[in-house]
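The values are calculated or read from the model by the stated rules, or taken from the named source; none is laboratory data. All figures in this text were calculated on a predicted structure; none of them were measured in a lab. Counting neighbours? That spans all protein chains shown, and the Cβs are built from the backbone with ideal geometry, glycine included.
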Amino acid sequence: MEEFITVKKVEGVNVINFVFNEINLEQRESIKNELAGLVRQGETEFVLDLSRVGFISSLVIATIVFFAKEARNSGGEVKLSGLTNDAYSIFQLTQLDKIFELYETETDAVESFRNS
């Protein structure tokens, strides 16, 4: 099975790298299940690194919003890093930049958990 996300711990924070150019509905469900599994394991601090995503489609946005809702319902928090200029524009147009904390780098996003 193709890997769509990778997860690593950095200073206790789960850094999730999305590793795809585009996804279809079936792949989205697989990603959602994997992310929801992290929440079920009791993890609460997440950084989604989008620097390797080629295109931010509605499926990608829906996956991110689903995951953030799952995490927040369990007392967790999701922050985003590595958005391209185009992705950042999409987040502004959809006003998701008001819902998510956006950081240029993974390091900045991880550090923000320590400063909050």
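If only residues of the stretch 6-24 that are under 22 Å from Gly75 (Cα atoms) and not charged (D, E, K, R) are counted, the one that is surrounded by the fewest Cβ atoms within 10 Å (Cβ to Cβ) is Gly12.
What helices (runs of 4 or more DSSP H) lie completely within the stretch 25-116 and have 3 or more residues being surrounded by fewer than 21 Cβ atoms within 10 Å (Cβ to Cβ), at pLDDT below 95 and charged (D, E, K, R)? Step through it out loud before you land on a result.
On the way: elements: 25-40, 58-73, 85-93, 106-114.
Of the helices (runs of 4 or more DSSP H) lying wholly inside the stretch 25-116, those with at least 3 residues that are surrounded by fewer than 21 Cβ atoms within 10 Å (Cβ to Cβ), at pLDDT below 95 and charged (D, E, K, R) span 25-40.
Please specify each residue of the stretch 40-55 satisfying the condition of being within 8 Å of the chain's Cα centre (by Cα) and aliphatic (A, V, I, L, M). Walk me through how you get there before you give the answer.
Of the stretch 40-55, the ones within 8 Å of the chain's Cα centre (by Cα) are 46-50.
Residues satisfying the conditions are Val47, Leu48, Leu50.
Summed over the stretch 1-58, the residues that are touching a residue at least 40 places away in the same chain (Cβ under 8 Å) and in contact with a helix residue (DSSP H, G or I) (Cβ under 7 Å, 6 or more places away or on another chain) give a count of 8.
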